[in-house]
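Have a look at the structure below, then the notes.
The values are calculated or read from the model by the stated rules, or taken from the named source; none is laboratory data. Treat the numbers as computed from the prediction; the structure is a model and nothing was measured. Every residue, glycine as well, gets a Cβ built from its backbone with ideal geometry; the counts of neighbours run over all protein chains shown.
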Amino acid sequence: MIHMEGVSVVYPDGTRALSGVDLQVDRGEFCFIVGASGSGKSTLLQLLYRELVPTEGRVIIAGQDVAGLPRSRVPMLRRNVGVVFQDFRLLPDKNVWENVAFALDVVGASRREKFRKVPLALELVGLGEKESSLPNQLSGGERQRVSIARALVNNPSILLADEPTGNLDPDISWEIMQLLTNIAERGTTVLCATHDRIIVDGMRKRVVSLVGGTIVRDARGGGGYDEP
Ligand code: ADP
């Protein structure tokens, strides 16, 4: 599903954020990307929704070379790749239903499609009852569930989560990780960038470790933050 080969990213100011990254992630796989702040985790995820293109190397998603994608095809890619952030990024003056529907608006979905897909996505994250609430009426965990519903409503092949539990209490963080695990079990490839050792150690999933923009370890069979 995801194939990176010899990928380097150098920002315009000369900062080298990734060097010689090779990574392959299969369909339905759950994979942590771990590393200290500044190790390149966000940069790696940004390549996968084409927020960035690599300076060197190739990024292939579902058989398509992302760098070579014509501008007109980028919306197609973004439909296929959902993204979740630490700070949720919900629209504060729109309710839960509208926040999720927004992801369908931007790809030009019909009203009918929205009425079919939004309830399914909210059901999946366990928020069927909260569709009329505004974000500020929700707990942090519920807000993150809304953002996961929004990321999934287009039925993407890949879900990227950038520090999804960074603003959440430990108990709620576990619930969110359980939800992401269930999503992977349904066949969506999940990449989760984090520096939360306790979560990673507890999950025993695949762990790819970055140090200074280079992959230094890939515990494919599942591991902890530091040890295989
Ligand atoms: P992480 O997500 O692991 O904290 P990042 O991918 O955000 O790491 O950053 C990797 C490196 O690239 C860091 O040295 C960071 O300062 C640098 N960096 C990130 N974004 C930019 C940018 N837009 N311009 C220049 N340097 C950047």
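Given the conditions (1) more than 13 Å from the chain's Cα centre (by Cα); (2) of a type outside the set (S, T, N, Q); (3) modelled with pLDDT of 95 or more; (4) within 30 Å of Val146 (Cα to Cα), report the number of the one that Ala36 does not fulfil.
Of everything listed in (1) more than 13 Å from the chain's Cα centre (by Cα); (2) of a type outside the set (S, T, N, Q); (3) modelled with pLDDT of 95 or more; (4) within 30 Å of Val146 (Cα to Cα), Ala36 misses just condition (3).
Say whether the condition of being touching an Asp or Glu at 6+ places or on another chain (Cβ under 9 Å) and not aliphatic (A, V, I, L, M) is met by at least one residue in the stretch 150-158.
Looking through the stretch 150-158, none of the residues is touching an Asp or Glu at 6+ places or on another chain (Cβ under 9 Å) and not aliphatic (A, V, I, L, M).
For the subset of the stretch 32-44 comprising residues that are buried (at least 22 other Cβ atoms within 10 Å of the Cβ) and of a type in the set (A, V, I, L, M, F, W, C), which member is farthest from the ligand (Cβ to nearest atom)? Working first, answer last.
Just the residues of the stretch 32-44 that are buried (at least 22 other Cβ atoms within 10 Å of the Cβ), to begin with: 32-35, 39-41, 43-44.
Next, only the ones that are of a type in the set (A, V, I, L, M, F, W, C) stay: 32-34, 44.
Values: Phe32: 12, Ile33: 8, Val34: 9, Leu44: 7 Å.
The qualifying residue farthest from the ligand (Cβ to nearest atom) is Phe32.
Does any residue in the stretch 203-228 that is at positive phi come within less than 7 Å, Cβ to Cβ, of a residue that is crowded, with 16+ Cβ neighbours inside 10 Å and among the hydrophobic types (A, V, I, L, M, F, W, C) six or more places away or on a different chain, and which pairs are these?
Within 7 Å, the pairs are Gly213/Ala17; Gly213/Leu18.
Give me the residue from the stretch 4-27 that is small (Gly, Ala, Ser) and touching a Ser or Thr at 6+ places or on another chain (Cβ under 6 Å) and, out of that set, nearest to Asp65 (Cα to Cα). Let's see the steps before the verdict.
So in the stretch 4-27, the residues small (Gly, Ala, Ser) come out as 6, 8, 14, 17, 19-20.
Then drop every residue that is not touching a Ser or Thr at 6+ places or on another chain (Cβ under 6 Å), which leaves 8, 17, 19.
Working: Ser8: 15, Ala17: 20, Ser19: 19 Å.
Step by step, filter the stretch 4-27, then rank; the result is Ser8.
Of all residues in the stretch 1-22, which are within 11 Å of the ligand (Cβ to nearest atom) and surrounded by fewer than 16 Cβ atoms within 10 Å (Cβ to Cβ)?
Selection gives Val10, Tyr11, Pro12, Asp13, Gly14, Thr15, Arg16.
So which residues in the stretch 198-220 are assigned to a loop (DSSP other than H, G, I, E, B) and farther than 14 Å from Val25 by Cβ?
Residues of the stretch 198-220 that are assigned to a loop (DSSP other than H, G, I, E, B), as a first pass: 204-205, 212-213, 220.
If the condition is that a residue be assigned to a loop (DSSP other than H, G, I, E, B) and farther than 14 Å from Val25 by Cβ, then Arg204, Gly212, Gly213 are the ones that fit.
Considering each of Ser8, Ser19, Ser42 in turn, give the residue that is outside any strand (DSSP E or B) and not basic (Lys, Arg).
Details: Ser8 fails: outside any strand (DSSP E or B); Ser19 fails: outside any strand (DSSP E or B).
Answer to the selection: Ser42.
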